[in-house]
1. Just for segment A:94-120: of the residues that are of a type in the set (A, V, I, L, M, F, W, C) and more than 9 Å from chain B (Cβ to nearest Cβ), which one is nearest to A:Thr57 (Cα to Cα)?
2. Looking at segment A:55-71, can you tell me whether even one residue there is of a type outside the set (Phe, Trp, Tyr) and farther than 24 Å from B:Tyr93 by Cα?
3. Restricting attention to segment B:85-106, which residues are within 8 Å of chain A (Cβ to nearest Cβ) and in contact with a Gly (Cβ under 8 Å, 6 or more places away or on another chain)?
4. Say we look at segment B:32-76 and pick out the residues that are in contact with a strand residue (DSSP E or B) (Cβ under 6 Å, 6 or more places away or on another chain) and in a loop (DSSP other than H, G, I, E, B); which of these is nearest to the other protein chains (Cβ to nearest Cβ)?
5. Can you work out which of the residues in segment A:42-75 that are among the acidic types (Asp, Glu) and within 10 Å of chain B (Cβ to nearest Cβ) is surrounded by the fewest Cβ atoms within 10 Å (Cβ to Cβ)?
6. Filter segment A:71-108 down to the residues that are within 30 Å of B:Thr52 (Cα to Cα) and of a type in the set (A, V, I, L, M) and list them by number.
7. How about segment B:28-44: which of its residues are over 14 Å from the mean Cα position of the chain (by Cα) and surrounded by 12 or more Cβ atoms within 10 Å (Cβ to Cβ)?
Amino acid sequence: QVQLVESGGGVVQPGRSLTLSCAASGFTFSNHALHWVRQAPGKGLEWVAVISSDGRTKYYADSVRGRFTVSRDNSKNTLVLQMDSLRVDDSALFYCARGNGDPPRHFDYWGQGTLVTVSS
Amino acid sequence: IQLTQSPSSLSASVGDRVTITCRASQAISSSLAWYQQKTGKAPKLLIYGASTLQSGVPSRFSGSGSGTDFTLTISSLQPEDFATYYCQQLNNYPLTFGPGTAVDIK
């Protein structure tokens with residue numbers, strides 16, 4: 001069965017960096033675009049970034065462009081989100097999600113999320 | 001593209017018919033999905049392409065609309081349906097979600 005498992009969350013000071021990973025299994029990883037979505041505590045969903053199936057095309061939300069970098073390793077079935085210059089308002093539960101189709105028609109599988117807390 | 005949802009919250013009883021609307025700031029054809037999220041859980045896909053029911057989702061859920069105005073309907077609310085519902089547009093990057101509609105027990 002399809003599984004997405006995020007890791008790498010934790011507590012970090014403002015201005016520092018953190019790297020999140022998403023390990024995928026149960027499907028042909030290299031056939032799917034993958035997305036990051038975040039949710040601040042008690043708030044709604046915010047789309048963060050996408051990377052195409054071959055890793056060549058990436059898009060970002062305005063709020064993270066220039067600070068976050070999405071990448072993938074199709075040989076290891078792993079998605080990565082490098083987060084630099086973190087701010088307090090980046091604190092959130094970060095989900096990876098599988099896009100169905102490219103352009104995507106929907107997100108059909110989601111991980112359980114990894115929590116990032118940015119605090120001094 | 002901004003999405004608005006109404007109402008932001010509602011109270012309903014088991015068996016009620018519930019309707020949630022989602023409006024896009026510009027036309028998005030039928031590139032809209034609906035998700036259900038329960039507390040402490042990841043979102044779950046309900047509807048995509050504005051009206052296509054995801055496999056395994058009960059038929060009491062339905063979606064309609066195109067362009068800028070969309071609707072999610074639950075024909076007969078069940079206890080397990082109390083949750084927050086989000087619409088999402090997939091017509092253009094950056095993708096966006098609506099602010100959510102919380103459905104709770106009256």
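1. This residue is A:Cys96.
2. No - not one qualifying residue is present in segment A:55-71.
3. B:Tyr86, B:Gln88, B:Phe97, B:Gly98, B:Pro99, B:Gly100
4. Among residues in segment B:32-76 that are in contact with a strand residue (DSSP E or B) (Cβ under 6 Å, 6 or more places away or on another chain) and in a loop (DSSP other than H, G, I, E, B), the one nearest to the other protein chains (Cβ to nearest Cβ) is B:Ala42.
5. A:Asp62
6. Residues satisfying the conditions are A:Leu79, A:Leu93, A:Ala97.
7. Of everything in segment B:28-44, those that are over 14 Å from the mean Cα position of the chain (by Cα) and surrounded by 12 or more Cβ atoms within 10 Å (Cβ to Cβ) turn out to be B:Ile28, B:Ser29, B:Lys41, B:Ala42.
Only the coordinates and a few stated rules stand behind these numbers; no lab work does. Computed from a predicted structure; not experimentally measured. Counting neighbours? That spans all protein chains shown, and the Cβs are built from the backbone with ideal geometry, glycine included.
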